[in-house]
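Encoded as structure tokens, the structure appears first; notes follow it.
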Amino acid sequence: MTGSASLSSPLCTWLFTACMSVTCAKESAHALSPPSYNSSRRRKAKAAALPMKCCSSSSSSIGGTVHSSPSNDNSNNKCMLSFKGLMSSCLADEPCSRYYSSGGLLRRRLSPPATSGQAMAVAVQPTKEVETKKKPLTRQRRVVVTGMGVVSPLGHDPGVFYNNLLQGVSGVTRIEAFDCAQFPTRIAGEIKSLSTDGWVAPKLSKRMDKFMLYMLTAGKKALADGGITEDVMGELNKTKCGVLIGSAMGGMKVFNDAIEALRISYKKMNPFCVPFATTNMGSAMLAMDLGWMGPNYSISTACATSNFCILNAANHIIRGEADVMLCGGSDAAIIPIGLGGFVACRALSQRNDDPTRASRPWDTNRDGFVMGEGAGVLLLEELEHAKKRGANIYAEFLGGSFTCDAYHMTEPRPGGVGVILCIEKALSQSGISKEDVNYINAHATSTPAGDLKEYQALMHCFGQNSGLRVNATKSMTGHLLGAAGAVEAIAAIQAIRTGWVHPNINLENSDQGVDTSVLVGPKKERLDVKAALSNSFGFGGHNSSIIFAPFK
């Protein structure tokens, strides 16, 4: 028969099921405890032994049904008494009150069936059946790009920035911000000047680290580019507007200056040195300025930071937690401690006499990457929200993914396994096939190992795609660290908008095994982009891939 007795807790249910599904040894076969134990300890010892001796020795449990051979009433009563002892012991002197209040109801309902020798099914049901109602299927919210803001060595406007890329202009020059004569590397993608007038309050601009100044400026430029005027801002639901802009290095100069001041006295330290050094404060300050009360935080995954921020911002929109998100990354590490740190890693190019030719992805004569600085910010918006306010839609964000190499701090996993997995997951999450991708903005930092491993992974995934074009923005900007992904996402979106992909400069003698027919040459090329993939990888084995496509 089927028992309908109810138990008042999941633990009671579990214990009862366990009792009914284990075989019961003969009651007389076990001595529970020596006479020297006091009564309390005897009860505990007896209860602990009971799970091994509960129910008939010929019982078995198959598929949740207990099959029992004939047994007498005494043995069943012993089983139930044993079960009561088990419940009392396991609940630490707080037995299941529902069980005791049943007045033996459980025992009566679990008695053997009248026709012995037949299978007995025991089902334990909760007091009230929980109805699980499936949520109605809803169409996934689509995410589009409606604004872009950039601060870079090649310009501080998306149009100027991309036009310089198309012309093959290099932003790598000799460092002028400080005397670097003592360093073996004296070149970088340095921002020579930037006016924050109208974007950042003068009082704050004097105290903030450059990474925050770049971030706030690029963020507000993205809003302006997206048509978020004061009137539009007043109509936004600010609880559903968020900021997710990260940094790999944070406020290095503010913190370094504080250390130098501390050598004299703590009284000389900038009182803002701690908050303005943390990576999250840029997003926080921008949100405070705008009054945006939605998701607000930063992600720091080294040089993959921007992609992580963009994908997570898009997910907030998809899940309905936000309608509008500013996202991207910012870094300003071209200071003595930043330069010295990367020199110590032996990661930087030392082509000081020819700065514009120093960053050369896939070229056999590359000797390391070139540091850069800047910020890139995208304005992401839910499609219907963008349509309702009449926004200009630049592209659609299809999706992306992350993986971890879990192999080495700086070297990629052999065979590019982590990168391949990341790309495959990004395609799956985006709902497109690999054949749909015909443009890739590669991470390609101009390092000996990294460039080749990424190329091999790309060929593994897309080598059969006809018309595939691959380029590297870093050949002209240098490596903008945590800002790289967002700045390169802007380059990918501009390729979608304009129908032009920028060249790879300084690619004179490619690595052995690299098919230059898939790499964009020294001049810009026409391309009707179907889907653009942008990669970013970071120290620690962080891999990220994001995908954009024309809005249709």
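The values are calculated or read from the model by the stated rules, or taken from the named source; none is laboratory data. Just so we're clear, the structure is a prediction, and the values are computed from it rather than from any experiment. Neighbour counts are summed over all protein chains in view; Cβ atoms, including those assigned to glycine, are modelled from backbone coordinates with ideal geometry. Just so you know, the surface numbers come from the protein's heavy atoms only, side chains and all, with ligands and any DNA or RNA stripped out. Shrake-Rupley method; radii C 1.70, N 1.55, O 1.52, S 1.80 Å.
Structural remarks
- Taking a Cβ cut-off of under 11 Å around residue 147, the surrounding Lys, Arg, Asp and Glu residues balance to a net charge of 0, with basic ones at +1 and acidic ones at -1.
- Whole-Å distance, taken between Cα centres, linking the stretch 145-189 and the stretch 305-327: 27 Å
- Rel. contact order, % - alpha carbon contacts under 8 angstrom, at least six apart, the stretch 342-431: 19 percent
- Applying 1/(1 + (r/R0)^6) with r as the Cβ-Cβ distance of residue 288 and residue 237 and R0 = 22 angstrom yields a FRET efficiency of 0.80.
- Spatial separation of Cα centroids for the stretch 448-501 and the stretch 517-541, in angstrom: 3 Å
- Cα-based shape type of the stretch 398-552, given that a ≥ b ≥ c are square roots of the gyration tensor eigenvalues and the cut on a/c is 1.5: rounded
- Amide N of the stretch 366-388 lying under 18 Å from the label point, which is placed 7 angstrom from the Cα of residue 260 along Cα→Cβ: none
- Gyration tensor verdict on the stretch 495-550 (Cα atoms; rounded if a/c is under 1.5, prolate if a/b is larger than b/c, oblate otherwise): oblate
- Cleavage-rule hits (trypsin sites (Lys or Arg not before Pro)) in the stretch 259-366: DSSP loop, at most 15 neighbouring Cβ within 10 angstrom: 263, 319, 346
- Pairs of alpha carbons in the stretch 146-550 separated by more than 40 Å make up 11% of all such pairs.
- Put a dot 7 Å past the Cα of residue 321, heading toward its Cβ, do the same for residue 140, and the two dots end up 1.7 nm apart.
- Two-site label geometry, residue 389 and residue 230: point separation in nm, points 7 Å out along Cα→Cβ: 1.6 nm
- Contour minus Cα-Cα distance for residue 195 and residue 157 (0.36 nm per residue): 12.4 nm
- Projected label distance in nm at residue 179 and residue 337, using a 7 Å step from Cα toward the beta-carbon: 2.1 nm
- Normalised size of the stretch 471-512, defined as Cα radius of gyration per 2.2 N^0.38 Å with N residues, equals 1.27.
- The length gained by stretching the chain between residue 509 and residue 268 to full extension, at 0.36 nm per residue less their Cα-Cα distance, is 81.4 nm.
- Within the accessible surface of the stretch 430-534, defined with a 1.4 Å probe on protein heavy atoms only, the carbon and sulfur portion equals 47 percent.
- Dipole size of the stretch 146-550 about its Cα centre, with +1 on Lys/Arg Cβ and -1 on Asp/Glu Cβ: approximately 600 debye, rounded to the nearest 20.
- Environment charge of residue 467, counting only residues whose C-beta is closer than 14 Å and scoring Lys/Arg +1, Asp/Glu -1: -1
- Classified by the C-alpha gyration tensor, the stretch 232-356 has an oblate form. Its axis ratio a/c, with a ≥ b ≥ c, is 1.5 or above, and a/b does not exceed b/c.
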